[in-house]
Amino acid sequence: MYGKASVRDAEWWAWHGERSDQALNSQTEHKKTVVAGASRIMVAPRERWRPVHDWQITAPLRLNPPRNGYPHAVVDYAQHTVDIARRNVAEGGRPFATVIVRDGEILAESPNLVAQTHDPTAHAEILAIREACTRLGTEHLVGATIYVLAHPCPMCLGALYYCSPDEVVFLTTREAYEPHYVDDRRYFELSTFYDEMSRPWQERRLPMSHDPREDAVDVYRFWQERNGGERRVVDAPWSEG
Ligand SMILES: [Zn+2]
């Protein structure tokens, strides 16, 4: 079972990073650790994940990858999102995934890589949005549908607002997954996080202070001057209503 999964994973890694041997080796090694029944799941060191990040920046645009040798095989994007998240959990990652689709093509997809990279912002939504926008050379994902395993956290919800997709499809609610997964931190519980965001800054649990500097506002005046007197970012889609 693991041998077969390793080969499939290697194909996925090969497509992402063009590094099939390294991918196969690291995946196999990692699986052995898990199979050996280690009391704490060992996570691949950061270098092993680097091909994914290198690919995100340097690889040429190539849509709808021939995953498992069958181009255009992915039609149930929701199920595909579940599959990516499930595989991530099997590999010691967290239970989240994002798939970004436009015109029947997958623009980008990612599992949550916080456990693998120690980057607290490496949520699946953030990584997939970054990948899609970097590859397409735009900060706007107008026309795209974004599939996410769970209703997004406030950070990702913000990122989803910023990239203007046509629709976000979430596959579980916080209430549904909370009996099985909790990610509360020093200044929030998932159940209070959204309310915390809407509070005045003085009332938030995250300690914040305001140090007003006129020089700081001057940076914005300078930007507006360089932007032909316009306040808006050029080409940003905004609400008609
Ligand atoms: Zn998130």
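Just so it is clear, none of the values below were taken in a lab; they were calculated from the coordinates. Note that the structure is a prediction, hence the values are computed from the model and not measured. Every residue, glycine among them, receives a Cβ derived from its backbone with ideal geometry; neighbour counts consider all protein chains shown.
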note = For 95-101, 121-127, 214-220, ranked highest to lowest by mean beta-carbon neighbours within 10 Å, the order is 95-101, 121-127, 214-220
Label-point gap, in nm, between Asp103 and Arg232 - each point 7 angstrom along Cα→Cβ = 2.4 nm
key: Charge-dipole axis of the stretch 143-241 as Lys and Arg at +1 and Asp and Glu at -1 on Cβ define it, positive-most pick from Gln202, Ala236, Thr172   = Gln202
